[in-house]
Amino acid sequence: MIALLISVATAGLIGSIHCVGMCGPFVVLAMTPPGRVHLPQAPTADSATSGGSSISSRVLGYNGGRVLAYAMLGVLAGALGSVVDASGAALGLSGVAAAVAGGGMIVVGAISLLRVAGLRIGPRSQTLAPPRLLQRLVGGAVRQPKRRAVALGALSALMPCGWLWAFVITAAGTGSPLWGAAVMVALWAGSAPALTAFGGGAHAVSRRLTANRPWVAPVIVIAVGVYTLSARLPTAIDYRPAPTVSEDDLDETVQAPVEAPQDAPCH
Amino acid sequence: MPLMECAHCTLAVPAGLLEPGADKQFCCHGCRAAHTIIMGHGLEQYYRLGERTREPTVTGDKTVRYAEFDREAFIQGHTVLHDDGQRSVVLGIEGLHCAACIWLLERLDRVVPGVVEARVNWRRATLEVRWVTSAVSLSTIAEGIAGLGYRPHPLRRDDRAEARRSADRQRTVAIAVAFAAAGNNMLIAASLYLGMFSSMDAGIEQLLRWASCFVGLVSLTWPGRVFFRGAWSALRSRTPHMDLPVALALAVGGVAGTINTIRGTGELYFDTLCVLVFLLLVGRAIQLRQQREAAATLDVMRRITPQTAHRRVGDAFVEVPATVLEPGDVVRVAADEVIPGDGTILSGETRVDVSVLTGEAAPLAVGPGAEVAAGTLNLGRHIIVRLDAVGEQTQMGRILELIESSAESRPAIVALADRIGARFVLAIVAASVATLGAWLIMEPSHAVDHAVALLIVACPCALALATPLTLSVAIARAAQRKVLIKGGDVLQRLSRPGMVWLDKTGTVTEGRMAVVSWRNVGAVAPAALAEWVAAVEAQCVHPVAQALAANPRAQTGDDYKIENVQHDVHGGVTATVEGHEIAIGNAPFVRAHLRAPLEADVERVAASILASFASPIYVCVDGAVAAVAGVDDPLRADARDAVAGLRDRGWAVGILSGDHPDVVAHTASVLGLSPSMCHGGLLPQDKVAFVARSAENGATSVMVGDGVNDAAALAAASVGIATHRGAEASLRAAPVYLGRPGLGGVVELLDMGQTTMRAIVRNFGVSLAYNAVAVVLAAAGLIGPLVAAVLMPISSLTVVSLALTLRFRQSA
């Protein structure tokens, strides 16, 4: 299990360049001092202390919100995985969640790779619009003067980001809420440094580093998927053999006659 | 190939995700979503890292979603500034599905301070809002509307269609999810049910219960949330709303079921709730489609103007739906086709029937350069017309707008239905609480079931929806008969007989001079004398001349040699026709012309003409009187029958006129009216006094007259009916305009009123009966929640369908 966590954290680190790319603007927004919705050049002493909250509290707030939300996602995913596992166990199968998760990751990664290669798969993304709820929530978060950072951090867990959700699937595959949360926290840990340190300026960095390497992320997803599938991660609940009902038991329970009282007026 | 950059994160876009032709490419769905969110909140500056930008104003106070409503261009273009400084705007609304939605929205002033008035036009799905500009901004109002659960958007045709399409898509998705939830929950319920008989492992049973709870909660929070939103809005604005009982049922069932799931034992209601949500959503979708079809049927504009037109495309004429026509299009209108828009004739000569606009039965001759109006009928040959205005911008469109946006308050009967609906909802909630209490005491296991069933089965929709729908259908069908009615009050008021006051000139009579009698005198009259006279008078615009020119005895259309036409100051004309000297005029003119006294038999003829209150016009040929014509404003052909029809229906009839009392008395006797009710020599204010007096004590007082001259009297009556003259002007004074000449329309209108009121009462009765029976059955525990869920949509659909079947019998 530890091995999985380490590999997820590493994956998070490698992929955090894209995290910065996509969530960069939100990070900058989160780091902005409250009351002044404008572009900070860099965290300076002035902007750090103006408006009533310090830059460190905003950094903490953003990352704190993010880790909490990620952990919740992990818990939910893990719980779902445990239900899948339990259902599978009732059928006599073990480790169903891990198998499904692993297989799913491989499929997702393969689709992404094929897209990089030029194949068109799936619905045209033009037709998919972000849910209005998300729009409203972000709007609400932006308007919060004091807790904007925390809110935005938490909302980043709701972004329709394939990278994030691939690891949610991994968390589900652990079949346990606790380990699911651990997987997501590991992902967070891997991506936190880049997001925090580079905030705004990483845009330039990211472009230079990864412009020609769109295949990196899908390959990582496939790798983690294969690992999940093959390693048969230990699950948190015990594998129980399915209860078998013998013929004799049936006869005994069903055919026991019920004595009707002799003086009952009707049956 | 160079890799495209993602517009959001600037990383490479995989070739398989490139959208050809799109101006922005994204590397993944997440970036697209993030980009949309950022742009949607006006935060673009965060992309320009490293650049120094001006400090923009804080955008954080309002949701930028409706910021476009505050832009100056929008305010100028879409809103109207009133004299008192307030502004009003008409917004399209998505999400209206029942009468209670109208109540909610019309209480916008309680939800958004600063709003003065909000009025819903349900047929067009629009909301007119009036607000104090200094107190609140339009975007805040839009937010308030959205907060109630209805999406406002600017009133542009394509916007409305787009909003409707996206709303439809969402609805379909919700129904699909509800169906999936219902199906899955039924499977789980079946398993649990079967498991009760054979031993089911406790762990599996708990798993299934939790699964049922999970699926049920998904159904309640996703497709089912519309009901909660409606109920919440209703509570916020303190308006009883249809969704209130349903939301209560879902809430009670959901909470009870969840508690039982956590406890591990007890009844779970989620299967019922999921099926209920599904069936209600389906029923609502069907109802919405019915309403849309009804709205299309009710689209009076469509009934009067054609559905399709032949538009010139290149060199050919292509048939297109009338809705896509634009000003500037050139269309061909064939014979017997209705002209689709206001325009100018480019080529072709024909006659058009303009009665629907002016009440003139006589066809109007038109040719190239002449203007024609939408809704008029092309009687002759085909014409090519260039359209200057279409749809709501045409004269007909403006008239119909007058009808729709009548300033009258909601008709009394609709207000009554609203009030009953409100009390009904409260009564239902109380009844279900009582049912719950009673059953909890008697047999607790099914108490929740029965209470929920009662909440579901009661349908106030039928009550509140059927009445306005019936009225709308009646008004639309009347418009088909060229009876334009403004406001539903009219039909209700006309259902009780009272007093009908008729104007004389133009209403009871033709309003035009016509030749009512022609007597050839002496031996000198040439055979074609009437036609000679007609030909001579054809050029003159004097009413008497017009009458002689239109003499029905003189219509062969032959040409005659006419010379030396001279009009005399004494009111006559002389000419030379086919070599003979002709003189036409009244008595003084003829005496002066002849320089000899009139002969006895001529005088006798003249006297008999005068006795019938007509004017004698003498025709002299070569110095001697050859014929005497009687010219008068004749009674309309259907006047006598119409008056009889009015009296048969229980109305008292009288005449109010400015004409000489003797003439009025004569008309009264011809029509068979009592002379005490026919008054002549009246000034306009006298007419008003009569009309107002007969409206006392709640009696119905109807005035039928000219929309322009009798405007005051028409307005003073309980129902003013305007005839002839222009429709637009008339409808400003009176709530009813008869587009057909003659009084037959009045009788038809009275019949329509009766039919409509009967239909309303019938629909009311049907829905009340259904509710009474259903509620009793549910309270007694005889119908379960599932059956209730099926019954309720059926009942509301039935009543709505009944309302749409309103038809008017064609009067003779």
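Residue-level analysis places A:Thr196 outside the set of residues that are of a type in the set (Val, Ile, Thr), outside any helix (DSSP H, G or I) and at pLDDT below 85.
Selection within the range B:350-395: residues that are among the polar types (S, T, N, Q) and touching a Leu at 6+ places or on another chain (Cβ under 7 Å). The member of this set that is modelled with the lowest pLDDT is B:Gln395.
Which of the residues belonging to the range B:800-812 are of a type in the set (A, V, I, L, M) and either open to solvent by 20 Å² or more (accessible area, probe 1.4 Å) or assigned to a helix (DSSP H, G or I) (or both)?
Within the range B:800-812, B:Val800, B:Leu802, B:Ala803, B:Leu804, B:Ala812 meet the criteria.
Only one entry of A:Leu80, A:Leu91 meets the criterion of being open to solvent by 60 Å² or more (accessible area, probe 1.4 Å) and over 23 Å from the mean Cα position of the chain (by Cα), and that entry is A:Leu91.
Yes/no matrix, rows are residues, columns are (1) crowded, with 21+ Cβ neighbours inside 10 Å; (2) over 27 Å from B:Gly437 (Cα atoms); (3) at pLDDT below 85; (4) touching a helix residue (DSSP H, G or I) at 6+ places or on another chain (Cβ under 7 Å):
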position: B:Val746; (1), (2), (3), (4): yes, yes, no, yes
position: B:Asp751; (1), (2), (3), (4): no, yes, no, no
position: B:Asn763; (1), (2), (3), (4): yes, yes, yes, yes
position: B:Leu777; (1), (2), (3), (4): no, no, no, no
position: B:Ala780; (1), (2), (3), (4): no, no, no, no
position: B:Ala788; (1), (2), (3), (4): yes, no, yes, yes
position: B:Thr798; (1), (2), (3), (4): no, yes, yes, no
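Within the range B:240-257, track down each residue that is in contact (Cβ under 8 Å) with a residue 40 or more places away in the chain and open to solvent by less than 10 Å² (accessible area, probe 1.4 Å).
The answer is B:His241, B:Asp243, B:Pro245, B:Val246, B:Ala249, B:Gly253, B:Gly257.
Determine whether B:Val80 is more than 30 Å from B:Arg284 (Cβ to Cβ), open to solvent by 40 Å² or more (accessible area, probe 1.4 Å) and at pLDDT 75 or above. Spelling it out, B:Val80 is indeed more than 30 Å from B:Arg284 (Cβ to Cβ), open to solvent by 40 Å² or more (accessible area, probe 1.4 Å) and at pLDDT 75 or above.
Report the residue count in the range B:127-163 for those that are at pLDDT below 80 and either of a type in the set (D, E, K, R) or at negative phi (or both). Matching residues across the range B:127-163 total 14.
Of note, B:Arg398 satisfies the criterion of being at pLDDT 70 or above, closer than 30 Å to B:Gly739 by Cα and not hydrophobic (A, V, I, L, M, F, W, C).
The residue that is surrounded by the most Cβ atoms within 10 Å (Cβ to Cβ), counting only those in the range B:478-510 that are out of contact with any helix residue (DSSP H, G or I) (no Cβ under 8 Å at 6 or more places or on another chain) and part of a helix (DSSP H, G or I), is B:Thr507. Return yes or no: is A:Ser47 modelled with pLDDT under 50, open to solvent by less than 30 Å² (accessible area, probe 1.4 Å) and out of contact with any helix residue (DSSP H, G or I) (no Cβ under 6 Å at 6 or more places or on another chain)? So A:Ser47 fits the description; yes. Within the range B:163-194, the set of residues being among the small types (Gly, Ala, Ser), loosely packed, with under 15 Cβ neighbours inside 10 Å and within 14 Å of another protein chain (Cβ to nearest Cβ) comprises B:Ser166, B:Ala167.
State whether the residues of the range A:10-18 include one that is outside any helix (DSSP H, G or I), open to solvent by 10 Å² or more (accessible area, probe 1.4 Å) and either within 14 Å of chain B (Cβ to nearest Cβ) or modelled with pLDDT under 80 (or both). So far as the range A:10-18 goes, no, none of its residues is outside any helix (DSSP H, G or I), open to solvent by 10 Å² or more (accessible area, probe 1.4 Å) and either within 14 Å of chain B (Cβ to nearest Cβ) or modelled with pLDDT under 80 (or both). Counting only residues that are touching a helix residue (DSSP H, G or I) at 6+ places or on another chain (Cβ under 8 Å) and either surrounded by fewer than 19 Cβ atoms within 10 Å (Cβ to Cβ) or at pLDDT 85 or above (or both), the range A:114-124 holds 7 of them.
Residues checked against (1) β-branched (Val, Ile, Thr); (2) surrounded by fewer than 21 Cβ atoms within 10 Å (Cβ to Cβ); (3) touching a Ser or Thr at 6+ places or on another chain (Cβ under 9 Å); (4) modelled with pLDDT of 85 or more:
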{"position": "B:His580", "(1), (2), (3), (4)": "no, yes, no, no"}
{"position": "B:Asp601", "(1), (2), (3), (4)": "no, yes, no, no"}
{"position": "B:Ala606", "(1), (2), (3), (4)": "no, no, no, no"}
{"position": "B:Ile617", "(1), (2), (3), (4)": "yes, no, no, no"}
{"position": "B:Ser657", "(1), (2), (3), (4)": "no, no, yes, no"}
{"position": "B:Pro661", "(1), (2), (3), (4)": "no, yes, no, no"}
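Put simply, of A:Ala189, A:Ala157 the only residue that is under 15 Å from A:Leu68 (Cβ atoms), among the aliphatic types (A, V, I, L, M) and either within 14 Å of chain B (Cβ to nearest Cβ) or not in a helix (DSSP H, G or I) (or both) is A:Ala157.
Of the residues that make up the range B:217-235, is at least one part of a loop (DSSP other than H, G, I, E, B), open to solvent by less than 70 Å² (accessible area, probe 1.4 Å) and either more than 13 Å from chain A (Cβ to nearest Cβ) or farther than 24 Å from B:Cys101 by Cβ (or both)? Yes, the range B:217-235 contains a residue that is part of a loop (DSSP other than H, G, I, E, B), open to solvent by less than 70 Å² (accessible area, probe 1.4 Å) and either more than 13 Å from chain A (Cβ to nearest Cβ) or farther than 24 Å from B:Cys101 by Cβ (or both). The single condition from (1) free of Cβ contacts under 8 Å to residues at least 40 places away in the same chain; (2) surrounded by fewer than 17 Cβ atoms within 10 Å (Cβ to Cβ) that B:Ala637 fails is (1).
Looking at the range B:725-736, can you tell me whether even one residue there is over 20 Å from the mean Cα position of the chain (by Cα), surrounded by fewer than 24 Cβ atoms within 10 Å (Cβ to Cβ) and of a type outside the set (Phe, Trp, Tyr)?
yes
The values are calculated or read from the model by the stated rules, or taken from the named source; none is laboratory data. Source: prediction; values computed, not measured. Quick reminder, even Gly has a Cβ in these numbers, built from the backbone with ideal geometry, and neighbours come from all protein chains shown. What goes into the accessible areas is simple: the full protein's heavy atoms, side chains included, and nothing from ligands, DNA or RNA. Shrake-Rupley method; radii C 1.70, N 1.55, O 1.52, S 1.80 Å.
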